[in-house]
Every structure is written in structure tokens, then in C-alpha cells.
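Okay, structure first, notes after.
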Amino acid sequence: MILLLNKMLRSLLLVILASFVIVYLVFISTDDIHFVNRKDWGVMFQAVIDYYRELFTTKSLGVSQRLGPIDKVVPEMFAKSLKIIIPAYFISVILGIILGLVHFLVRERKIQSKIHKAGHLLFGAIPDFFLLIAVQYGLILLLNAQIIQELDLFGDETLMNVLFPTIIISISPIFFISNITYHSLLIEKDKDYVRTALSKGTGHLAITLKHMLWNAWPTILSYTQTLMLIIISSLPIIERLCFYKGAGSELIISIKADDTYVVLGLLLPFLLLVLISIWITDFVKLIIVPSSLDKELTEDTISKNKQLRTIKLIYHFLLTFPYRKAAKKVIRFTKENPSFSIGVIILSGFAFMAFFGPLLPFIEGKPEADRLSYDENGRLLKAPLPPGENFWFGTDREGRDLLSIMTLGARETFTELVIIVTLRFMISIPFGYFASVHKGARGLLGFTNSVLSFLPTIILIILIGNMDSVKESYSRYAFLLMVISLLDIGRIGEIMRQEFNRINKTDYFIAAVSVGTSWFHIITRYYIPNIYQKIIFIFISDMARIMAILGGLGIVGVFLAQDMIFNQNTGQYEAINLTFTWPSLLANSLTDMRTAPWILFFPTLFIAITIIGLNLFGAGLKDFIDKQKNNKEKKEDQKAELKAAAAKNWVTNDSKEKVSV
């Protein structure tokens, strides 16, 4: 119980620290006076203290010029959001554990196992906003075809208005918990107590339910904080697309309206919700497996003659190349590594689209706006136009071909991904190394990881992007790319620290250090060969995570590159997008969802396919490398056995010769 209280107190202190960070970010993002004093830490610290003093003395969240007394508005909106959050949380935990159990029990059955892997790939990796848009677009098509009657999916008044976003927001967390459960059981199956139970004749199902699942509970429950963060991070996007007037959708509106105290009144309860979920989890872990609380969760310039000679060599190669034999090898490789092959095909298609797509004849190099046009029969057409023969993906509200825009934006989209992830790893890898050898760096890494684990990434990016200096800055694009890169360095830095620690404890590394091997050779001979596979896999999977985050930012109307233009009708400055990246095409989600859903569907479809391709490529590459490594180990074992057999035969023959003499 003392250990439980100690962990609860530690979580409370981290939440208090995270709340101070949130209040500071909200002040400098939505309040001009505080923004001027953002670098004066004494003034800002006093402002945060004054806010909490006012909150606890008056017991009031303040008054908003837009909404009135915040004490009346925030509880009502937060109560609506809890109708989604709480059911989604328990549905995710219960169904996720059941699905993970089923996947573990049928893992050796090829068909069932492939079905579970396909389901995890389709529903666990695809962003929930794409599932929502795809379902809504499909229902709209069915309604237009008069196949189904009208369904009320938008709003917050009926039971269907609550069930629909709850189901959508639960899908990705279900497969997240399922994956954790499955891998936790895989770790438990090779332990001694399982072999002992099997030797006594206990059935596999009984062992799994009574022993393995019981011992896997601490690992599964340790991810409930991440589960709550996933739900809270998805909530603003899902509520916005469903026109659900809850705390999530109002949070986005309040940030853009610079309504400081409404933003704080909505964000702080979310932090409290994360804290409560951690406390409940720790209490359950104390009841189930008390010893689990004292364990930390750990988690891998050619001349013309040469040109002519080169052309001759290429021509000779094309004539003599064994096409049939190569085709057979490609087919066999594809059958043996389907995930890797499909991922390569998807990513190769997008690479072709990014580099050669603008050269295709049906792609407009510079899409021209044409809001009004005429068809072959002389009828007036007004943009946006739905998908058809002339426009395969339809047009946007300016009358521009959506396929051409997406093709031109492919290179920009993937450039952003590569830049963000590269910057993140350039910082995380050295950070993880210094944390493995220096106590201060290790403490800083743990502190950074703990604080950021309470704050939804997308909310932090929205707050930072809403600052006046960032809105109007010429370097906004580079600054936000750096911000997105930095917000998750704690997680990757911790993974790298564990990898460096593992290498530092090996005998060959200790021997290399003891004989005075230079650091250049240590890095090139010991570190890089042992961690490059892990870095490649995490790099690819992190690109999928960043793509989902960028898609969410697009839906809430946050552009990485923008220009502020004064709107004479509203009397306010408005942000204008300056790129054709796929996420930026989702900015008018509220309007497009009702009147032109194809404008949302096709960019989110490309985003979803990209995430699937990255996940398939990463998982397939990992499996391929593991197969190659296992085959190499088998060959080495066979060579060792042959050498041992040859040595044994030599000893036997030599002894026989001595006896005969």
C-alpha cells in the first residue's frame, strides 16, 4: 500500500507539472499580454500561480466574452465528451484483451492468424478519422442512390449521435490493446511455469487464462495511460467531423478564438482524467499482482566514350538478362515475404507519383481555378464537382482537379515526413546514448518522457502553432517541423537508451573498451551493426505515426505553411494554405463533410494507404531480416556441428591407430 501511495503521489506531481506547462502554453498562445512576457520566466511563473490561486479561492473558471460563465459551459460540454470517452475506454480494454487472447490461441492456424493480422493492419493502423470519413461518404452515396433511408449521424442529441463516434474512436485502441495482449502472452509462453503446467497435463486454454494472462496483466495495464491519451487525442477530430458539441470540438474552436480561460477549463479536466486512469490502473495492479508495482516497464562527369560504353553494356545486359528465372525468383520472394512485397509496391507507387506523376498527360501541372463551367450539353456546372469521367476524384471548391492537386502534393507530403522523422532521430539517438552513460542525461530523458506522456501531442502542436509570432512568422514551416520532431524524442530516446545499455553490457564491448579501442571503431563496429535494424524499423513506423498526426492537424485547420490575409467580410485575419500536401486539403472538413465529402475522402484514403504501406514495409522488413539472421545462425550451427563431427572422427581414428600399434 505504501508503494501504491508513492506511485500515486509521483503521478500527481507529474500531472501538476504538466498542468503548469499547459497553462504556460495556453497563456502565450491565446493571450497577447502574456505572449509579450513569454521569455520573462519570473512574470510567467507568477501568472500561472495567480491563475491557480484565483481558481482555488473563487472556485470559478472565469467568464468568457463568447460563452459567458465558464463554470456552466465546461461541465456541460465535458459531460457530453465523457459519454464517448468512458465507454470507448472500457470497450477498448475488454474487447482488446479478448481479441488478443483469440489471436494468441489461434496463432498457429494459418487462416485465422492471417485474418487477425489483416484486421490489425486495416483497423489498428489506419487513422480513425479515415474510417469515419469513409463510413460517412459510403452512407451518403447509399442515401443518394436511395438504397437506405436517412440516418441522423451528425449532432449530439440522439443515441446514434453518441454511439457512432464512440464506435469509431474505439476501433484503433481495441487493436492497440489486442497487440499488447498478444505480445505479452508470447513472452509468457516460453517461461518455466508454462512447461511445468503442460507436463502435468493442463490444457493450453486453462494455462493461458489462469496463469499466462494473470502474469501478463501488469504489462497490459501499464499501457492504459497510453490508451487514454489515444482516445483524448482522437476526440477533438472525431467530435469535429461528427458535429458533436463536446469538449473536444469546443477546445479547437476556443484555441482559434483565443479564448484563454475556456481552453484552460477544457484542458485541465483532461489531465485529471488521465491521472484518474493511472490511479485506477495502479490500484488494480496492486490487487492482481502486487509485486508488479516495483518493476519499471521497459521495452528495438562521364566522357562521351564512357557514355557510349555504358549504353553498350546496358544493351548487352538487357539482351542476356534471364527474365524468366528472375520472374520466378520474384514470385517466390513475394510468396515468402508478402508483407514486405506489398509494402514495397505501395511505397513504390507513391514514389512514382511524387517524382513522375506531374509529367503524366492527365495531370495538370498548374491546376487552374474554374468555379463555373459548362458540360457537353451546355448546362452550367458549379464547383465542387463530384467524381466523374472528366474528374476522376472530383474537384475542390475552387474547381481544381483534385487528382492533380494530390499528385502535385505527394512530393511535399513525403518530404515533410522524411524531414520530421530525420530530425527526430538526429536528436533522439545522441540523447539516448548520453542517457545510457550519464546519470544526469538519463534523469532528463526520464523526466521529459514522463511529462510529455500526460500531454496529447496534437493539442500541444495546435497551441504552439496558434502563437501570434508563429502565425505570422516567415519561418513558421521550419519551426513547426522542428516542434513536431521534438515532441516525441522522449519515447525514441528511451528505446535507444535501452539498446545502448544492452550493447554496453556485452562481453565483446567491455573487452573492446578495456583494450583501448577508439570511439570511432566502437561506433562503427559495435553500435551501428547492432542497432541499425532497430533504427530502420522505428524510423519507418514513426513515419506512419507522423502521417496520422499531420492528417489530424489538417482536419482541425492547422497549416504548417500559411499566409495571414485580412478578410473584409469578417474583419479578421484568416490563415491561407500555401501547399498542396494531403493533410492541408482537409482544412474545410466541417463544410466538405456535408456537401462535398469526396474532397475529404480521397486525401484521407491516400493517407491511410500510405500508413498501411509503411507498416507493411516495416513489419515485412523486420521479418525478412529476422529470417536472414536465423538462416545465418542455422548455417553457422551446421558448420560448427560438421567441424565437431570431423574433430571427433579424427580423435577416434587417431586412438585406433595408437591401439593397433
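The values are calculated or read from the model by the stated rules, or taken from the named source; none is laboratory data. No experiment lies behind these values; they were computed from the predicted model shown. Cβ atoms come from the backbone with ideal geometry, glycine included; neighbour counts cover every protein chain shown. Calculation scope for accessible area: heavy atoms of the full protein, side chains included, ligands and nucleic acids excluded. Shrake-Rupley method; radii C 1.70, N 1.55, O 1.52, S 1.80 Å.
Hey, which of these cross-link pairs are over 24 Å Cα-Cα: LYS200/LYS634; LYS7/LYS72; LYS7/LYS80; LYS335/LYS632?
The pairs that break the limit, which is 24 Å between Cα atoms, are LYS200/LYS634; LYS7/LYS72; LYS7/LYS80.
By per-residue mean of other Cβ atoms within 10 Å, what is the highest-first order of 198-208, 397-407? Display every interim value, and only then the final one.
On the way: 198-208: 11.9, 397-407: 21.0.
The packing order, highest mean first, is 397-407, 198-208.
Hull surface divided by four, with the convex hull built on the Cα atoms of region 563-621: how many nm²? Working shown, then result.
Working: hull surface 22.2 nm².
About 5.6 nm², averaged over all directions.
Tell me the per residue accessible area of the chain using a 1.4 Å probe; a whole number in Å² is fine. Let's see the in-between values first.
Details: 36500 Å² over 661 residues.
It amounts to 55 Å² per residue over the chain.
Can you list residues whose amide H is under 5 Å from GLY62's amide H, if they're 5+ apart or on another chain and H is modeled 1.01 Å from N?
ILE70, ASP71
Enter the accessible area of HIS438 (Å², nearest 10), with the probe set to 1.4 Å and all protein chains included.
110
Which value in nm describes the separation of the simple spin-label points at THR334 and ARG109, placed 7 Å from the Cα toward the beta carbon?
In this crude spin-label approximation the distance works out to 2.9 nm.
In 5 Å bins starting at zero, report the fraction of Cα pairs in region 1-157 per bin as a rounded %.
Calculated over all Cα pairs of region 1-157, the distribution is 1, 6, 7, 10, 11, 12, 12, 12, 10, 7, 6, 4, 1 percent.
For region 395-436, state the average projected area of the convex hull of the C-alpha atoms over all orientations, rounded to one decimal in nm².
Numbers: hull surface 14.9 nm².
One quarter of the hull surface, i.e. the mean projection, equals 3.7 nm².
Past 22 Å, Cα to Cα, is the threshold; run LYS114/LYS189; LYS114/LYS627; LYS505/LYS627; LYS534/LYS629; LYS39/LYS471 against it and keep the listed order.
LYS505/LYS627
Can you give the Kirkwood hydrodynamic radius of region 480-557 from its Cα pairs, in Å with one decimal?
Evaluated over region 480-557, this radius sits at 14.8 Å.
Once the other residues with Cβ under 12 Å from the Cβ of SER64 are scored (Lys, Arg +1; Asp, Glu -1), what is the net sum? Could the numbers behind the result be given before it?
Working: positive: ARG66, LYS72; negative: ASP71, GLU250, ASP258, ASP259.
In short, -2.
Would you list which aspartates and glutamates come within 20 Å of LYS245, measuring only between C-alpha atoms, while excluding same-chain residues fewer than 8 positions from it?
ASP71, GLU76, ASP128, ASP152, ASP156, GLU157, ASP258, ASP259, ASP592
Report, to the nearest whole %, how much of the accessible area of the chain belongs to carbon and sulfur atoms, 1.4 Å probe, protein only.
Result for the chain: 64 percent of the exposed heavy-atom area is carbon or sulfur.
At a Förster distance of 51 Å, what's the computed FRET efficiency of ALA511 paired with ASP468, Cβ-Cβ distance as r, to 0.05?
On the way: r = 57 Å, r/R0 = 1.13.
Given R0 = 51 Å and the Cβ-Cβ separation, E is 0.35.
Enumerate the aspartates and glutamates that LYS256 could reach by cross-link, defined here as Cα to Cα under 15 Å, with residues fewer than 8 away along the same chain left out.
Result set, ordered by chain and number: ASP31, ASP32, ASP468, GLU472, GLU574.
222 nm [θ] for the chain, helices only, -39500 (n - 2.57) per DSSP H run of 4+, per residue, to 500?
-24000 deg cm²/dmol
For region 162-215, what value does the Rg/Rh ratio take when both radii are computed over Cα atoms and Rh is the Kirkwood radius, given to two decimals?
1.22
Can you give the Rg to Rh ratio of region 125-245, both from alpha-carbon atoms, with Rh computed by the Kirkwood formula? It would help to have the intermediate numbers written out before the result.
Numbers: Rg = 20.6 Å, Rh = 17.3 Å.
Rounded to two decimals, Rg/Rh equals 1.19.
Could you give me D for the chain, from Stokes-Einstein at 25 °C and 0.890 mPa s, where the hydrodynamic radius is the Kirkwood radius over C-alpha pairs? Units µm² s⁻¹, please.
86
Using modelled amide H (1.01 Å from N, peptide plane; none on Pro or chain starts), what sits under 5 Å from the amide H of LEU381, excluding residues fewer than 5 places away?
SER373, TYR374, ASP375
Applying a 10 Å radius around every beta-carbon, put 186-193, 465-472 in order of their mean neighbour count, most first.
Put in order of decreasing packing, that is 465-472, 186-193.
Tell me the net charge near THR595. Cut-off is 13 Å between Cβ atoms, THR595 excluded, with +1 for each Lys or Arg and -1 for each Asp or Glu.
Working: positive: LYS382, ARG397, ARG594; negative: ASP396, ASP592.
Net charge in that neighbourhood comes out at +1.
Let me know the Rg and Dmax you get for region 79-180 when you use only its Cα atoms, in Å.
When restricted to the Cα atoms of region 79-180, Rg and Dmax are 15.9, 46 Å.
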